[in-house]
Amino acid sequence: MNNTLLKGLAVLELLSRSRQALGLTQIGKELQMSKSNVHRLMQALVETRFVLRDEETGAYTPSIKLWELGSAVLGKLDLRRHAERQMESLMEFAGESVHLSVLDGMEVVYVHKVDSERPVRAYTQIGGRVPAYCVATGKVQLAFAREHVLESACAALKRHTDATITDRDEFLKDMRKVRQRGYAVNRGEWREGVHGIAAPIMDARGFVIAAVGISGPAERFRKAVVPGWADAVIATAADISDALAGERSPAALNRLRFGSTHAPP
């Protein structure tokens with residue numbers, strides 16, 4: 001078997017499992033490879049867009065391209081069906097549109113949605129991209145991201161509405177709050193009059209790999225309903241996470257754990 005191919009796959013697996021970006025020295029040490037060999041491999045992986053290189057630190061992280069390949073397998077593993085069932089149940093419970101997104105740099109990419117049946121609702125396009133720091137599904141993924149990703153988000157803050165958080169300290173405070181309560185809230189920070197709630201989806205190792213959330217007109221996101229909706233979103237994310245980890249049967253996945261206790265926003 002091609003030795004270079006094996007080394008390249010080992011690098012991709014190492015980066016995917018690491019909680020932080022890794023430099024050439026760290027990669028070489030972990031895989032017992034010379035720095036020159038690692039450098040050549042990383043050049044090829046960056047050129048083919050499987051790996052991203054931080055220009056300031058020189059450290060490497062896996063790119064969204066790995067997710068794109070993995071997502072092609074989801075249908076065969078029947079995981080997309082599990083997520084869709086839960087998203088449909090969440091839409092029926094809250095009556096609002098439900099979105100599934102993944103983080104790609106400083107943006108989120110919408111990979112699936114279940115539209116609300118109401119005539120006035122929030123709209124997204126599958127494959128569409130929006131700034132991660134001002135929508136709920138993006139904020140919750142940033143909150144659990146590596147520190148250097150959060151710093152990049154702070155540098156990218158840009159006002160889109162009067163509600164957009166553009167102050168670094170305020171944004172980091174919001175991220176801490178998201179981590180503490182387990183979900184993020186968007187109060188018209190991307191589009192005026194559109195609010196959202198989202199929770200993280202985790203893999204079997206506990207790493208955040210996506211987010212699911214609801215969004216809709218601000219007037220329907222009343223204080224009286226938001227805590228219950230937040231519980232429902234968290235329960236949905238947990239069930240999808242369990243499906244990805246293979247810990248629950250399809251029948252069990254249909255039983256959303258609405259009503260669990262979590263701190264209100």
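The values are calculated or read from the model by the stated rules, or taken from the named source; none is laboratory data. Given the structure is predicted, the values throughout are model-derived calculations rather than measurements. Cβ: placed from backbone, ideal geometry, glycine included. Neighbour counts: every protein chain shown.
The table below lists the values:
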| quantity | calculated |
| --- | --- |
| Verdict on Ser152 being touching a Ser or Thr at 6+ places or on another chain (Cβ under 7 Å) and hydroxyl-bearing (Ser, Thr, Tyr) | no |
| Of residues in region 7-24 being assigned to a loop (DSSP other than H, G, I, E, B) and not hydroxyl-bearing (Ser, Thr, Tyr), the one farthest from Glu56 (Cα to Cα) | Arg19 |
| Where Trp229 falls short, out of the listed (1) free of Cβ contacts under 8 Å to residues at least 60 places away in the same chain; (2) within 20 Å of Leu100 (Cβ to Cβ) | (1) |
| Residues satisfying the stated conditions in region 113-133, i.e. assigned to a helix (DSSP H, G or I) and among the hydroxyl-bearing types (Ser, Thr, Tyr) | Tyr133 |
| Enumerated helices (runs of 4 or more DSSP H) restricted to region 134-186, each holding at least 1 residues that are loosely packed, with under 15 Cβ neighbours inside 10 Å | 147-156, 168-181 |
| Given (1) at pLDDT 90 or above; (2) in a strand (DSSP E or B); (3) within 20 Å of Val185 (Cα to Cα), index of the condition Tyr110 fails | (1) |
| Answer residue from region 189-222, given it is charged (D, E, K, R) and under 22 Å from Ala143 (Cβ atoms) and is modelled with the lowest pLDDT among those | Arg205 |
| Of all residues making up region 38-71, the number that are part of a loop (DSSP other than H, G, I, E, B) and among the charged types (D, E, K, R) | 4 |
| Qualifying positions in region 17-47 - out of contact with any helix residue (DSSP H, G or I) (no Cβ under 8 Å at 6 or more places or on another chain) and within 20 Å of Leu5 (Cβ to Cβ) | Arg17, Gln32, Ser36, Arg40, Gln43, Val46, Glu47 |
| Filtered residue count, region 28-65, keeping only those that are out of contact with any strand residue (DSSP E or B) (no Cβ under 9 Å at 6 or more places or on another chain) and in contact (Cβ under 8 Å) with a residue 40 or more places away in the chain | 1 |
| Tabulated pairs, region 8-27, first of a type in the set (Ser, Thr, Tyr), second part of a helix (DSSP H, G or I), C-beta under 8 angstrom, 6+ apart or interchain | Ser16/Leu66; Thr25/Lys35 |
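Every residue, every condition in (1) within 13 Å of the chain's Cα centre (by Cα); (2) small (Gly, Ala, Ser); (3) outside the structural domain of Thr124 (by TED's automatic domain parsing), yes or no:
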position: Arg187; (1), (2), (3): no, no, no
position: Gly193; (1), (2), (3): no, yes, no
position: Pro200; (1), (2), (3): yes, no, no
position: Gly206; (1), (2), (3): yes, yes, no
position: Ala210; (1), (2), (3): yes, yes, no
position: Ile214; (1), (2), (3): no, no, no
position: Ala218; (1), (2), (3): no, yes, no
